[in-house]
Amino acid sequence: MSKAAWIRLAILVGAVGGLEIACRSGLVPATMVIAPSQMAAATAGLLASGDLGADIRQTFTSVGIAIVLSITGGFTVGFWLHWFPRLRRAMDPFLAAYYAIPHFAFYPPLIVIFGLGALPLIVLATLFAMVAMIVATLAGLDRVPRVLLKTARMHRLSPFEEMWRIRLPAAAPYLFSGVKLAVSYSFIGVIAGEFILSTAGIGHEIAYAYDNFDNPRMYGLILFVLAVVTAFNMLVYAYERQLVRRRGAA
Amino acid sequence: MTLRSFRDPFLVVLSLVAMWQILHELAGNNALTAPAPTLTHLWEMISQPRFLPHLRETALAFAQALLIACLGGVGIGVLLGGHRLSGEVAEPILVGLYSIPKITLYPVILLLFGLGMPAKVAFGALHGIIPVILFTMNAVRNVNRTYLRAGRALRLSPSQTAWFVLIPATLPEIFSGLRVGFSLTLLGTMMGELFASQRGLGFLLMTAIDLHDVETILAIAILISLFAVVLNAVMLAVDRRLHRHTAQDSGGKA
């Protein structure tokens, strides 16, 4: 491990330890923040009790579907926009401003259209995450070096082959950052939606625990969500690192 | 900017409104009110005097959060970018924080800051500050070494180096970060107003959701979206101009 990684670890351990001491000594009242060890115990207790199984399943299924839809849909739309430059120029200002729009405001109409359940959440999260993938696809396809395209022409590749063998691999790093964003935005979209208005799911459980002043349960759930999302992000990050290293070696 | 460059985006807006109208015809008034009545309703809402305090509350919370996100983000970003080791230590932590669903942390913010303005400001700033830090840090890291050497030759103090060399040299990237930060701060502030709030546009939105007042929901959503899109377009234009200048600068020197 590098020096920076050790220092980072020390800072994180110090922060958690400091919070633990502050909570145990009563410096921070338990009505505000509970000690990290209690949070972890609460998470373990919640998972062991099994009464969250249905909520967890529903949230992760929604997130999973939203991830798949936003990545495939975003790539397809990005691809076609790249193909039609005029359409793209017209869409550009809207793509750039997209994330300034508060999407959750459109969640209530979605509920009316799709009914109360997982479907409006999936639609919301997909719409939220897809544009990141569109933008990343466009950025990737824009930055394919001309030399590679000339090589493709020299080898008389068909448009499909050119796409598969030249453009996609060349755009891969950008596509990857799009995938990362789509994953985290899908999580944000689903959980934020559950927070606002929902009858099930982890976000709903957190909001419910907050409303009932059930701090151990609330912090246990928050810790669980953050741990899962962080673990997922680190996996993608590690895979990307590996890919970059292989590319550098080749 | 010619008239032509506005034509295509205008057509996109037209087709969006047309899509809205079609969706309205399909889904009915209960799910989605038609464009024209919604906009009239928005106009009526704005002209009512009781709307103003809510608008002022949101604007005030947003302005404070944005100020914290911009100043804090640029300050921390310059520090982390200037000091290589602390930048390396902090970057993965920041990226991790950036990609977690921050809404799960809102109850914690509410418990820490109490109900009301401070919690909204804190939540908005929390959303906006991280992208500003990340953009600034990367920009400062990649600053032209010659500038730094020139600064050292002139015996500038660290704070002078930051003010006279680093920030001017990285202005275009910092501005891009501020643009992203602006959007996220707005999102964070609005989210902060949705829960446990007594005033503000988010509160109006939540009340409308509870009453199932689709017209008001859409009117507020449109108002916020318009504000966000217009300001974003202005910032994007400034952003492009800044980036073009630097491109020309480096082109002239090469």
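The values are calculated or read from the model by the stated rules, or taken from the named source; none is laboratory data. Computed from a predicted structure; not experimentally measured. Glycine gets a Cβ as well: all are built from the backbone with ideal geometry, and neighbour counts include every protein chain shown.
Does the range A:195-207 hold any residues that are more than 9 Å from every other protein chain (Cβ to nearest Cβ) and under 19 Å from A:PRO108 (Cβ atoms), and which are they?
As a first pass, look at the range A:195-207 and keep what is more than 9 Å from every other protein chain (Cβ to nearest Cβ): A:198-201, A:204-205.
Of everything in the range A:195-207, those that are more than 9 Å from every other protein chain (Cβ to nearest Cβ) and under 19 Å from A:PRO108 (Cβ atoms) turn out to be A:SER198, A:THR199, A:ALA200, A:GLY201, A:HIS204.
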Checklist entry - Looking at B:VAL132, is it in contact with a Cys (Cβ under 7 Å, 6 or more places away or on another chain) and modelled with pLDDT of 90 or more? => result yes
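If I go through the range B:27-81 residue by residue, how many of them are of a type in the set (A, V, I, L, M) and over 30 Å from B:THR136 (Cα atoms)?
The initial filter retains those residues of the range B:27-81 that are of a type in the set (A, V, I, L, M), namely B:27, B:31-32, B:34, B:36, B:39, B:42, B:45-46, B:52, B:55, B:59-61, B:63, B:65-69, B:71, B:74, B:76, B:78-80.
Next cut, over 30 Å from B:THR136 (Cα atoms) only: B:27, B:31-32, B:34, B:36, B:39, B:42, B:45-46, B:52, B:55.
Looking only at that region, the number is 11.
Would you say A:ILE222 is closer than 30 Å to A:PRO108 by Cβ, more than 13 Å from the chain's Cα centre (by Cα) and either within 11 Å of chain B (Cβ to nearest Cβ) or not aliphatic (A, V, I, L, M) (or both)?
Details: closer than 30 Å to A:PRO108 by Cβ: yes; more than 13 Å from the chain's Cα centre (by Cα): yes; either within 11 Å of chain B (Cβ to nearest Cβ) or not aliphatic (A, V, I, L, M) (or both): yes.
So A:ILE222 passes the test.
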Checklist entry - Which residue, of B:LEU66, B:LEU85, B:LEU115, B:LEU97, is within 13 Å of chain A (Cβ to nearest Cβ) and buried (at least 19 other Cβ atoms within 10 Å of the Cβ)? => result B:LEU66
Next on the checklist: Tell me yes or no: at least one residue of the range A:231-249 is modelled with pLDDT of 85 or more and within 11 Å of chain B (Cβ to nearest Cβ).
Outcome noted: yes
Next on the checklist: Checking the condition touching a residue at least 40 places away in the same chain (Cβ under 8 Å), surrounded by fewer than 12 Cβ atoms within 10 Å (Cβ to Cβ) and either more than 10 Å from chain A (Cβ to nearest Cβ) or within 27 Å of A:PRO120 (Cβ to Cβ) (or both), which residue from B:PRO49, B:PRO53 passes?
Outcome noted: B:PRO53
Checklist entry - What number goes with the only condition from (1) within 25 Å of A:ASN212 (Cβ to Cβ); (2) within 11 Å of chain A (Cβ to nearest Cβ); (3) crowded, with 19+ Cβ neighbours inside 10 Å; (4) not aromatic (Phe, Trp, Tyr) that B:THR185 does not pass? => result (1)
Checklist entry - Mind checking which pairs have a first residue in the range A:4-27 that is without any contact (Cβ under 8 Å) to a residue 24 or more places away in the chain and more than 13 Å from chain B (Cβ to nearest Cβ) and a second that is surrounded by 12 or more Cβ atoms within 10 Å (Cβ to Cβ) and outside any helix (DSSP H, G or I), Cβ under 9 Å, 6 or more apart or different chains? => result A:GLU20/A:ALA35; A:ILE21/A:ALA35; A:ARG24/A:ALA35
Next on the checklist: Exactly one of these conditions fails for B:SER176: (1) more than 8 Å from every other protein chain (Cβ to nearest Cβ); (2) within 30 Å of B:PRO37 (Cβ to Cβ); (3) within 19 Å of the chain's Cα centre (by Cα). Give me its number.
Outcome noted: (2)
